[in-house]
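One structure is given below, encoded as structure tokens.
The values are calculated or read from the model by the stated rules, or taken from the named source; none is laboratory data. Treat the numbers as computed from the prediction; the structure is a model and nothing was measured. Cβ sites come from the backbone with ideal geometry, for glycine too, and all protein chains shown count toward neighbours. Heads up: the accessible areas ignore ligands, DNA and RNA and are worked out on the full protein's heavy atoms, side chains in. Shrake-Rupley method; radii C 1.70, N 1.55, O 1.52, S 1.80 Å.
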Amino acid sequence: MSTLAHTMMTAARSADSGLAGPGELDRYPYAEAPAADRVGAPVWEGADPELGRAGRRAAGSRGRGLHGQLVQQLGQMIVSGDLGADRPLVPEEIGQRFEVSRTVVRESLRVLEAKGLVSARPNVGTRVRPVSDWNLLDPDIIEWRAFGPQRDDQRRELSELRWTIEPLAARLAAGHGREDLQQRLADMVEIMGHAMGQGDALTFSRADAEFHSLLIQVAGNRMLEHLSGIVSAALQVSGGPVTGCDRPNDTSLGHHSRIVDALATGDGPAAEGAMRQLLTVHPEVERVVPAPREH
């Protein structure tokens, strides 16, 4: 096994860490909702009552501490519909319910506002925005939708989007001859092969995600590069939290290898075809966008 393969397989078993700094968030002017609006204030029945206490014991699952946990909790509640459009979100009430500081609440609301989930206006307060305003390409929103009531629609839409993006990226990548990145793609296939032999689905999925992200970089199209986060998110939610674009098997590994071989020879059509075959391995993709018929 190469040094890179060994390093990545070891790292895949390590927990993520790190905390986001609070910055100067107390200056962010979130206005308290008018008293009249408090009649329709959200009931936090779907919230985790242990959020604040658990957050003080350990960092969040994404290494973002209390702030990350609150973003996750509120984001999931909004995307699931527990907090419907135009519902007022009063920072003071959120802080009391989740036992977190005003700074944590304001930082979390800023993140949700950047994702298009909420809006904050003077003399109006913070309110949930309609679905039409959400940034549906945001990786967090993709994940929240994929594990909420909209899971079927989200996974179908992701499959359709990947079917459009990745075969094109593979064809473009074959014409760029980036030997350094092509070697890294080959390394990812090696890691996936070793992980599959050891029954290590987590390492397989992480190498798989890296493979697809690298492939889009090799394509040499900056606009496509901005979509790499979408592909990564799709890989994380396509079959579950720890599987990649497909469960580890020889067929999937073979398609990845053929893509690498096609890139090495500069064969764009072969790279595109291998990618389409890889994506068609997914049962959900076969239902949505079956392979083109041969005439």
Next on the checklist: Return the residues of the range 144-156 that are in a helix (DSSP H, G or I) and not aliphatic (A, V, I, L, M); say none if nothing qualifies.
Outcome noted: Trp144, Arg145, Arg151, Asp152, Asp153, Gln154, Arg155, Arg156
Next on the checklist: If Ser159 meets every condition in (1) in a helix (DSSP H, G or I); (2) open to solvent by less than 70 Å² (accessible area, probe 1.4 Å); (3) farther than 15 Å from Ala234 by Cα apart from one, which number is that one?
Outcome noted: (3)
Checklist entry - What is the one condition in (1) closer than 23 Å to Ser232 by Cβ; (2) assigned to a helix (DSSP H, G or I) that Asn135 does not satisfy? => result (2)
Next on the checklist: Within the range 94-108, does at least one residue satisfy the condition of being within 19 Å of Ala234 (Cβ to Cβ), touching a helix residue (DSSP H, G or I) at 6+ places or on another chain (Cβ under 6 Å) and part of a helix (DSSP H, G or I)?
Outcome noted: no
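For (1) assigned by the TED database to the domain that holds Ala219; (2) open to solvent by 20 Å² or more (accessible area, probe 1.4 Å); (3) closer than 19 Å to Ile230 by Cα, each residue gets a yes or a no:
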residue	(1), (2), (3)
Leu117	no, no, yes
Arg121	no, yes, no
Arg127	no, yes, no
Glu143	yes, yes, yes
Asp152	yes, yes, yes
Arg155	yes, yes, yes
Leu168	yes, yes, yes
Ile191	yes, no, no
Checklist entry - What number of residues within the range 215-229 are buried (at least 19 other Cβ atoms within 10 Å of the Cβ) and assigned to a helix (DSSP H, G or I)? => result 6
